[in-house]
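What follows is one structure encoded as structure tokens, with my remarks underneath.
The values are calculated or read from the model by the stated rules, or taken from the named source; none is laboratory data. Small disclaimer: the values here were computed from a predicted structure and weren't measured. Note that we place each Cβ from the backbone using ideal geometry, even for glycine, and neighbour counts take in every protein chain shown.
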Amino acid sequence: MRIGELAEHIGASPRSLRYYEQQGLLVPARSDNGYREYDGAALVRARNIKELLDTGLTTEDVRHYLERGCLERPLTDGPRCSGELDTVRHRLESLDDRISRLRELRDRLARHQAEVEASLGPPPPAEAR
């Protein structure tokens, strides 16, 4: 099948599939005229990639699945992939760290805003503006 057909089957855009290819996650065959050709295995892999990215993992996280050979069958068929829990835990820890840093930044900015407002005094009445 061609890229448009695969995209339709998995609910993604052809552009997304080309991105998966650029990231080394999906490697299509090429026909004589240079068109990308995808088989059933590529359909399974592309669907898994899309599902993992939709979950919130990054392409680097998905690469770990690829390295372990975990994208060749539907992810929910049979036992889960070895190392999957480590990948998910790592991503959650990373997000928790980012959230914590953003909270700290927000608190510093709110304190700064309060200091600026205090130094300027109360705003003038609306009719004076």
Give the residue, chosen from Arg73, Arg91, Arg98, Arg108, that is at pLDDT 90 or above, in a helix (DSSP H, G or I) and either among the hydrophobic types (A, V, I, L, M, F, W, C) or touching a helix residue (DSSP H, G or I) at 6+ places or on another chain (Cβ under 8 Å) (or both).
Arg91
Assigned to a helix (DSSP H, G or I), under 30 Å from Leu17 (Cα atoms) and in contact with a Leu (Cβ under 6 Å, 6 or more places away or on another chain): is that true of Val62 in this structure?
yes
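Within the group Arg129, Arg15, which residue is modelled with pLDDT under 95 and either assigned by TED's automatic domain parsing to the domain that holds Arg2 or surrounded by fewer than 10 Cβ atoms within 10 Å (Cβ to Cβ) (or both)?
Values: Arg15 fails: modelled with pLDDT under 95.
So the residue among Arg129, Arg15 that is modelled with pLDDT under 95 and either assigned by TED's automatic domain parsing to the domain that holds Arg2 or surrounded by fewer than 10 Cβ atoms within 10 Å (Cβ to Cβ) (or both) is Arg129.
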List the number of the failed condition for Ser82; all other conditions in (1) outside any helix (DSSP H, G or I); (2) at pLDDT 90 or above hold.
(2)
Quickly run through region 25-55 and pick out the residues that are in contact with a Leu (Cβ under 8 Å, 6 or more places away or on another chain) and either assigned to a helix (DSSP H, G or I) or surrounded by fewer than 20 Cβ atoms within 10 Å (Cβ to Cβ) (or both).
Ala42, Leu43, Val44, Arg45, Ala46, Asn48, Ile49, Glu51, Leu52
